[in-house]
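The values are calculated or read from the model by the stated rules, or taken from the named source; none is laboratory data. Since the structure is predicted, the reported quantities are computational estimates derived from the model, not experimental observations. Positions of Cβ are generated from backbone atoms using ideal geometry, with glycine treated the same way; all protein chains shown enter the neighbour counts.
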Amino acid sequence: MKRFINNLSILVLLIVSSCGSSSKESVKVTQEPSEEIIRDLKFEDYSIVLNDMNILEKGEKREFQHKYHILKVEKDSLVVDSLGWKTVNQTFFEKHENDLGMEIVSHHNNKLSRIAQPVGFGWAIGNPKYGEWVDEKTVNNSGISTTTSTTTNATSTTQNNRRVWRSHGPSMLFWYWMLRRPAYQSNYRANNAYRASGKPYYGTKPNGTSTYGTNSTYQKTKRASFFSRRTKSNSWKSFSSSKKSRSSSRYKSASSTRSRSGGTGK
């Protein structure tokens with residue numbers, strides 16, 4: 001009997017130690033900060049851009065944080081408000097892990113969207129009020145026209161050139177946000193198709209990187225401090241480990257269910 005109790009104690013300790021990090025509670029908020037912004041700016045045109053993410057250890061709990069840029073269109077000019085750290089719920093944090101540098105909320109022309117998208121897609125890019133599509137070779141790296149005409153043979157244009165957005169936004173700040181890198185018409189159309197199905201568009205590449213969002217080469221260059229912090233942070237490592245554990249548990253549970261229900265009849 002004593003031996004049985006000792007074995008049981010060891011088993012309990014093993015279970016507790018293996019589940020310690022994954023069972024850690026998170027700090028909760030009654031309303032996401034983004035929802036508060038939506039409420040406060042309901043009569044304005046704006047976008048909420050995910051500017052940074054962080055995870056902190058608060059005693060026995062984890063705190064998940066976001067930083068936002070709010071882009072507001074006022075009299076055809078762009079105004080940018082940069083907010084400090086905001087606590088968000090873990091589920092919301094996980095939902096937007098891949099959306100660094102993207103709009104996670106867009107409200108323009110009385111239309112509200114909570115589907116992540118590249119900055120400006122859906123309201124500035126593709127809007128003739130703010131620019132036009134031209135052959136790629138007619139613009140330089142800053143998005144400014146290098147020729148006075150785009151009269152290129154139609155067949156040659158289709159085969160050898162990509163269409164890229166040339167902005168003529170009404171303010172220098174508008175130009176800065178819309179021209180940080182080329183916006184291709186093919187990506188614009190793909191983004192529209194994904195949004196119509198309720199999914200964010202990242203432009204995923206065969207090597208596992210993406211054109212937009214957290215896994216893009218652009219963000220890894222632009223926000224090097226974020227990736228350095230994430231790599232060194234024990235909080236991030238613990239969180240990533242708990243996610244893998246949860247994912248593995250769900251997979252095993254699904255496999256077990258299929259095994260029990262997938263027998264052959266006689």
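Find the residue count for the stretch 92-112, including only residues that are closer than 18 Å to Pro33 by Cα and over 14 Å from the mean Cα position of the chain (by Cα).
Matching residues across the stretch 92-112 total 2.
What do you reckon, is Lys243 out of contact with any Lys or Arg (no Cβ under 6 Å at 6 or more places or on another chain), touching a residue at least 60 places away in the same chain (Cβ under 8 Å), in a helix (DSSP H, G or I) and loosely packed, with under 15 Cβ neighbours inside 10 Å?
Criteria met by Lys243.
Taking the stretch 188-233 only, how many residues are surrounded by fewer than 15 Cβ atoms within 10 Å (Cβ to Cβ) and assigned to a loop (DSSP other than H, G, I, E, B)?
7
Which of the residues spanning the stretch 95-107 are outside any strand (DSSP E or B) and either in contact (Cβ under 8 Å) with a residue 60 or more places away in the chain or in contact with a His (Cβ under 9 Å, 6 or more places away or on another chain) (or both)?
Matches in the stretch 95-107: His96, Glu97, Asn98, Asp99, Leu100, Gly101, Met102.
Any idea which residue in the stretch 65-94 is nearest to His168 (Cα to Cα), counting only those that are assigned to a strand (DSSP E or B) and among the basic types (Lys, Arg)?
Restricting to residues being assigned to a strand (DSSP E or B) and among the basic types (Lys, Arg), the top hit is Lys72.
Tell me, yes or no, whether the stretch 64-71 has at least one residue that is over 23 Å from Ser233 (Cβ atoms) and surrounded by 13 or more Cβ atoms within 10 Å (Cβ to Cβ).
Yes, the conditions are met somewhere in the stretch 64-71.
Can you name the residue in the stretch 35-64 that is of a type outside the set (Asp, Glu) and part of a loop (DSSP other than H, G, I, E, B) and, of all such residues, is nearest to Gly101 (Cα to Cα)?
Filtering first and then ranking leaves Leu41.
State which residue is surrounded by the fewest Cβ atoms within 10 Å (Cβ to Cβ) when the search covers only the stretch 162-180 and only residues that are in contact with a Leu (Cβ under 7 Å, 6 or more places away or on another chain) and of a type in the set (A, V, I, L, M, F, W, C).
In this case the residue turns out to be Leu173.
Got a number for residues in the stretch 57-76 being in contact with a helix residue (DSSP H, G or I) (Cβ under 7 Å, 6 or more places away or on another chain), at pLDDT 95 or above and farther than 22 Å from Ser106 by Cβ?
Adding up the residues that qualify gives 1.
If I filter the stretch 256-264 for residues that are at pLDDT below 95 and touching a Lys or Arg at 6+ places or on another chain (Cβ under 8 Å), do I get at least one hit?
Scanning the stretch 256-264, I find no residue that is at pLDDT below 95 and touching a Lys or Arg at 6+ places or on another chain (Cβ under 8 Å), so the answer is no.
Would you call Lys95 surrounded by 15 or more Cβ atoms within 10 Å (Cβ to Cβ), basic (Lys, Arg) and farther than 25 Å from Thr221 by Cα?
no
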